[in-house]
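Colleague: To start, I am sharing the structure in question, which I have written as C-alpha cells.
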Amino acid sequence: MVKPKRFNKANILYNIKLIAIDCKIKKQSIECNIPVTLPVLFSIKTLNFVFGLNIPFMKKLFYAANAALFILAAFTTSVTAQQKLGTDDPLMKIYRATPTRVNDVIHTKLDVRFDYKKRYLYGKEWVTLKPHMYPTDTLRLDAKGMDIKTLAVVKNGKNVPLKFSYDSLTLAIHLDKVYHNNETYTLYVDYTSKPNELKVKGSAAINDAKGLYFINPDGTEKDKPIQIWTQGETESSSAWFPTIDKPEQKCTDEISMTVPAKYVTLSNGRLASQKANADGTRTDTWKMELPHSVYLFMMAVGDFKVYHDKWRNKPVDYYLEPKYAPYAKQIFGNTPEIMEFYSKTLGVDYPWNKYAQIVVRDYVSGAMENTTATLHGEQVQKTAREMIDSYNDESQVDIAHELFHQWFGDYVTTESWSNLTMNESFADFSETLWSTYKYGKDEGDAHNYNAMVNYLSNPANKTKNLVRFYYDDKEDVFDAVTYQKGGRILNMMRNYLGDEAFFKALKIYLTKHAFKNGEAQQLRLAMEDASGLDMNWFFNQWYYGAGNPALKISYKWDEASKTQTVYLEQTQTGQTFILPFAIDIYAGGKKERHKVWMCDRTDTLTFHADSKPDLVNVDGDKILLTEKKDAKTLNEYVFQYFNAPLYLDRFEAITAAAATQSDKGSQKVLIAALNDKYYGLRIKAMRALDMTNDDVRNAAQPILVSLVQTDKNTLAQATAIGVLGSLKISGNMPLYKQALNSQSYAVEGAALGAIAAIDPSQALPLTKRFEKDNSPALTIAIMRIFAASGNDSNWSTAYVLFTTATGQGRFGSARSFATFIGKLQNPAYAQQGITALLDLGIKFKAQPGVSQFITAMLQNIKTARAKLNDNASAQAADNALKAFNEAK
C-alpha cells in the first residue's frame, strides 16, 4: 500500500509547519537541523508557487497551506500525544507473535452479487483448507459483521452442515472429523456481507476498514460514478468473505461477480469467462491461478473505460472514468518501462500473468497493490494540461511504488505485520530507485532526502524498531519508520554492499521465497550469501534497534604537519551506531576519497594533504540516515556548491548561502543556483532570495525574467513569476499577461496572482477566462482576488469554484473564501458560503488540524458579519460552529 502509505499524522503536521515557517522566513532551520526550504515540499509539485502542500494523508489529498497557524498548534498536540504512547502503555508490552498456523487456506472460490440499495453483498463461498502440521477437528475463520445462512462441509458433492459459533467477528467451527496435514477439506458458506453496518476502525494509513465499499450506489450524488471496490489490507478481506485473514495465508482463487451488464469488472488474475444473464446482469469469472495472500484479493465494479497496453507479451490495462480515458497513456504510460526496469534490476521477471491499474472514487488510502490489479485513488486521474505540472509527482511515484510491491509484498509477502518492512520499506526504496533511473540522480537524491526528512520530523519515530514485535495495533506499523526510514536503510545497505551484491541478494531472497512469506532475517541471510560479509551488525542496529545517529562534525588544519583532522561525535541518545561512509578531501584541484568506519561514540580521523583542503566533505555519498551539525565555513560551502557533485552538496550550500545574503560568496551561490541543472534547486534558490537586498535583487531580476520565459520546467517558471510578482513592478505586467497564455495551470495561477499584486482592478476581470477551466492553482489565485477586490456579482462564480474544487483547491482557497463571505452584502450569499465551509469541515473533520481551521474560519465570519450588522448571518455562523463541534 502506498505511503501513509501511510504517513504518520505528526509527520504531516511537521511538513505543514515547515511550510508555514518557510513562507515567513525562508531561511531558518528547526528541529533536527533540517533546512526549511522547498525540497522538503516536493510532494506539492504543482502548487509550490502558492506555498502549499499536497498532503498524502490517507492519500486523500487536501490543501492546508492557508491553515499554517492553527497547524502549528495541532502539530505540538499530536506529537505530545504520540510521545505519551510509550512503553508504559500495557498494549505496548504484548509480544506480537507470528500467528499460529493451524489450518492453511488452499483455494477460495466465491460467487457474489450486490444489493446496491441495501449496500449488501450476497455471497456463496467454497473454501478449501488443510491442517498446517498437526491433526485438528476445529477451524476458526475471520468473518466480520456477516449474516451466516449456511455453513457446511462438502462431502461427495453434498453439503453436510457443521456446528459453529459466531461472535460477529470470527466463526468457530467444529469439523466433521479430525483432519491430518495430508488431507484437504472444502467448506461451503452462504453469507451476507453488510459493510456499512460494520463498526471497525482504520488507521493513519488506511482511514477505514470495512473491506467493501459502495460508492454513490443510488446515483444521487451528481458527477460521481456508481462504483464498488474492495480494500483488504490489513485484515479487511474478511469483511466481504470468510477466510483466515492473516498475511501468511496464501491461496489461489476464483471470483465470480454478477453485476449490471453495463458495468466493467476487475479482479486478480485472468478473466476466465463472461456470461450474459436474462435479467440484464452479467457474470464475470476471474481466476487467480498462483497463490497470493488473502489481503491482496480485490474486486472492482463500475463504468470504467479500459486502455490496453502491454509489457513484453503480457497485458497491461488501465481502468479509468470515461472522462479521463483519453489521458490513460499519459497517466500510466510509464508502467511497461517500470516493469522492464524492475525485472532487469531484480533479476526476476514480473511474476504474474497480467498487470492492471484501476482508479476509484473515495478511496480510503492512496493506492493498494492487490495482486495483478493495483487500485489507485482518484488523485491519479489528470487531464493532459494537469499532467504538464505533474512531472514525477506523488501519483507518478505511487505508480512505481505499487508496482514494486508485485515482487515485494505480493510475490514474497511479509510473514506478519511485525515484519511489514519486507513489504513497505522495499516499495518506498523503489521510489528512489525508479526516480533515479527515469529522471536522473538529482531527482532520486531529492526524493531520498525528502523521505529522510519526513522520518526525522517526528521525534516519536526514534523510539520504534523497524521490525516491531511490540505495538498497540497492527495499523500503527504503517508509519514513517516502516516506510521512509526503512527505504533509507535499504539505500544505505545498497551503498555499503555495492549494486552487484545488493541486487544479487534480492534475487536470492525473491527466488527462495517465491509465492511464500519472508522476514528480515531471511533478507540478512540473502545479503550474506551474496556478499560473503557478516551483516548481523547492520541488521541489529537498523532493523532490531531504534533511532538514528546525530552527527556533530568539526575540523582542524595543522599547517606545520600538513594534517587535516576531522572530529566526529554521535550526540543522539540511545545506541551508538557503526557507520561506514566516505570522506572526500578536495585540495590542490583534486578530490581524494577515504573510506572510513565510525564505531565509537566519538572518533578523530587524520589525513595528510599537501595543502589546506578547500573542502572536507564527510559522507561524500550523502547516504547516511542522520541528523547532522557540520562546522563547515561559508567559504567551504561556496566551494562545495561549485565543486561537489551531488544534489545534497548543492542543497546544503544553497541553505548556507540563504542565511547570509550580504556575503558576496553567498550571493554568488544563489545567483548561480538560479540556473542549477536540477529544477528543484532552481526553485529552492528562487524561494531563498532576499529581494530587499539591492545586490541580490539587481543580479537576480534579469535571470528570473529569463526563467519565466525559457525554463523548461513549469514549476520553476511559476516560482520565478511569484518572486518577481512580490516586487510589484508594473513594468513586468506584460510578462505576466503573456504567462496567462501558458498551458500550465501553475504558471497561469502564479501570473494571475502577480497581476493582482500590481493592479487588482486588472486582475478581477481576468478571472472570468478561467472560471470554467481551473485547477487548485487557479482556484486559489481567483479566490484571493475575490477576497481582495470582489463583490456580490462575483459570488456565484466563487461559490461554484469552491464547492466543485478538489480537496486541495478547497482547503487552499478556504481562507480567502471565508474573507470574501465576511464582506458580502447579501446575507443569503453569506449563509450559503457558511454552509459550504461547514460541509467541508464535516467531511474532513477526522484529519489533523481541520477542526481548528474550520472553527477559526467560521468564527472570523461570525465576527465580520456582526460588524456589518448582519445578525442573521452571524447567527448562522454560530449555529454552524455548534453543528461542527457536535459532528462526529
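The values are calculated or read from the model by the stated rules, or taken from the named source; none is laboratory data. On a predicted model such as this, the values are computed, not experimentally measured, just so you know. For neighbour counting, all protein chains shown are included, and Cβ atoms are generated from backbone atoms with ideal geometry for every residue, glycine included. Note: areas computed on protein heavy atoms with side chains; ligands, DNA, RNA excluded. Shrake-Rupley method; radii C 1.70, N 1.55, O 1.52, S 1.80 Å.
Colleague: What list of ³J(HN,Hα) couplings, whole Hz, do you get for the range 560-573 from phi and the Karplus terms 6.51, -1.76, 1.60, once you set θ to phi - 60° and write x for glycine and proline?
Modeller: After applying 6.51 cos²θ - 1.76 cosθ + 1.60, I find 5, 9, 6, 10, 9, 10, 10, 9, 10, 9, 8, 9, 6, 7 Hz.
Colleague: Quick check on packing: order 313-324, 724-735 by the mean number of other C-beta atoms within 10 Å, highest mean leading. Provide the component values of the computation, followed by the final result.
Modeller: On the way: 313-324: 17.5, 724-735: 15.1.
The packing order, highest mean first, is 313-324, 724-735.
Colleague: At R0 = 25 Å, how high is the FRET efficiency between LYS728 and LYS668 if r is their beta carbon distance? Nearest 0.05 is fine. Mind dumping the intermediate values first?
Modeller: Details: r = 27 Å, r/R0 = 1.09.
Efficiency, rounded to the nearest 0.05: 0.40.
Colleague: From Cα pairs below 8 angstrom and at least 6 apart in sequence, can you work out the relative contact order of the range 409-469, rounded to a whole percent? Write down the numbers at each step before the final one.
Modeller: Details: 36 pairs, mean separation 18.5, N = 61.
Once normalised by length, the contact order is 30 percent.
Colleague: Apply 1/(1 + (r/R0)^6) to the Cβ-Cβ distance of LYS344 and SER761, taking R0 = 56 Å, and write down the FRET efficiency to the nearest 0.05. Provide the component values of the computation, followed by the final result.
Modeller: Details: r = 59 Å, r/R0 = 1.06.
Approximately 0.40, to the nearest 0.05.
Colleague: Work out the FRET efficiency for HIS174 and TYR116 from their Cβ-Cβ distance, taking R0 = 35 Å, and round it to the nearest 0.05.
Modeller: Numbers: r = 36 Å, r/R0 = 1.03.
The pair HIS174/TYR116 has a calculated efficiency of 0.45.
Colleague: Let me ask something additional. How much length is gained if the chain between GLU771 and VAL800 is pulled fully straight, taking 0.36 nm per residue apart and subtracting their Cα-Cα distance, in nm to one decimal? Display every interim value, and only then the final one.
Modeller: Numbers: separation 29, 0.36 × 29 = 10.44 nm, distance 0.90 nm.
Length gained, GLU771 through VAL800: 9.5 nm.
Colleague: Just tell me which lysines come within less than 20 Å, Cα to Cα, of LYS823; anything on the same chain fewer than 8 places away is out.
Modeller: By straight Cα distance, LYS823 reaches LYS862, LYS867.
Colleague: Given an 8 Å cut-off on Cα distances and at least 6 residues of separation, report the relative contact order of the range 292-405 as a percent. Each step should come with its number before you reach the end.
Modeller: On the way: 161 pairs, mean separation 28.3, N = 114.
The normalised contact order for the range 292-405 reaches 25 percent.
Colleague: Quickly rank 366-373, 863-870, 231-238, 326-333 as a protection proxy: mean count of other C-beta atoms within 10 Å, highest first. If you can, show how the numbers build up before the last one.
Modeller: Details: 366-373: 27.6, 863-870: 16.0, 231-238: 25.0, 326-333: 18.9.
Sorting 366-373, 863-870, 231-238, 326-333 by mean packing, highest first, produces 366-373, 231-238, 326-333, 863-870.
Colleague: Right, another one. So which of LYS310/LYS485; LYS329/LYS438; LYS556/LYS622 end up more than 26 Å apart by C-alpha?
Modeller: Working: LYS310/LYS485 34 Å; LYS329/LYS438 17 Å; LYS556/LYS622 22 Å.
LYS310/LYS485, as the Cα separations exceed 26 Å there.
Colleague: Output the pairs from LYS117/LYS149; LYS441/LYS768; LYS590/LYS677; LYS323/LYS474 with a Cα-Cα distance over 31 Å in this structure; if there are none, say none. The partial results should precede the final answer.
Modeller: Values: LYS117/LYS149 21 Å; LYS441/LYS768 42 Å; LYS590/LYS677 23 Å; LYS323/LYS474 38 Å.
Beyond 31 Å: LYS441/LYS768; LYS323/LYS474.
Colleague: Which peptide among 241-251, 670-680, 592-602 comes first, and what is the full order, when sorted by highest mean count of other Cβ atoms within 10 Å?
Modeller: Working: 241-251: 24.0, 670-680: 19.9, 592-602: 13.1.
Going from most to least packed, we get 241-251, 670-680, 592-602.
Colleague: Right, something else. I'd like the carbon and sulfur percentage of the solvent accessible area for the chain, probe radius 1.4 Å, heavy atoms only, ligands and nucleic acids excluded.
Modeller: Values: 16610 of 32870 Å².
Whole-percent figure for carbon plus sulfur exposure: 51.
Colleague: Using Cα pairs closer than 8 Å and at least 6 residues apart in sequence, work out the relative contact order for the range 383-445, in percent. Spell out each step's value before the answer.
Modeller: Numbers: 46 pairs, mean separation 17.9, N = 63.
It comes to 28 percent, rounded to a whole number.
Colleague: Is the C-alpha gyration tensor of the range 176-296 telling us rounded, prolate or oblate? Criteria: a/c under 1.5 is rounded; beyond that, a/b larger than b/c is prolate, otherwise oblate.
Modeller: Values: a/c = 1.99, a/b = 1.28, b/c = 1.56.
Note, shape of the range 176-296 comes out oblate.
Colleague: Just tell me which aspartates and glutamates come within less than 20 Å, Cα to Cα, of LYS177; anything on the same chain fewer than 8 places away is out.
Modeller: ASP104, ASP137
Colleague: Right, here's the next one. For Rg and Dmax of the Cα atoms in Å, which listed value, (1) 28.7, 96; (2) 36.3, 119; (3) 33.8, 105, comes from the coordinates shown?
Modeller: Here the calculated entry is (1).
Colleague: Let me ask something else. What's the extension gain from THR220 to ARG697 if we count 0.36 nm per residue and subtract their Cα-Cα distance?
Modeller: Working: separation 477, 0.36 × 477 = 171.72 nm, distance 5.52 nm.
In short, 166.2 nm is gained.
Colleague: Quote to one decimal, in nm, the extra length available between LYS163 and PHE642 on full extension: 0.36 nm per residue of separation minus the C-alpha distance between them.
Modeller: Length gained, LYS163 through PHE642: 164.8 nm.
Colleague: Now a separate question. What number comes out for accessible area per residue over the chain if the probe is 1.4 Å? Units Å², please.
Modeller: On the way: 32870 Å² over 888 residues.
With all protein chains present, the chain gives 37 Å² per residue.
Colleague: Tally Lys/Arg at +1 and Asp/Glu at -1 over every other residue whose Cβ is under 12 Å from the Cβ of GLY822; what's the total?
Modeller: Values: positive: ARG815, LYS823, LYS862, ARG865, LYS867; negative: ASP870.
Around GLY822, the surrounding residues sum to +4.
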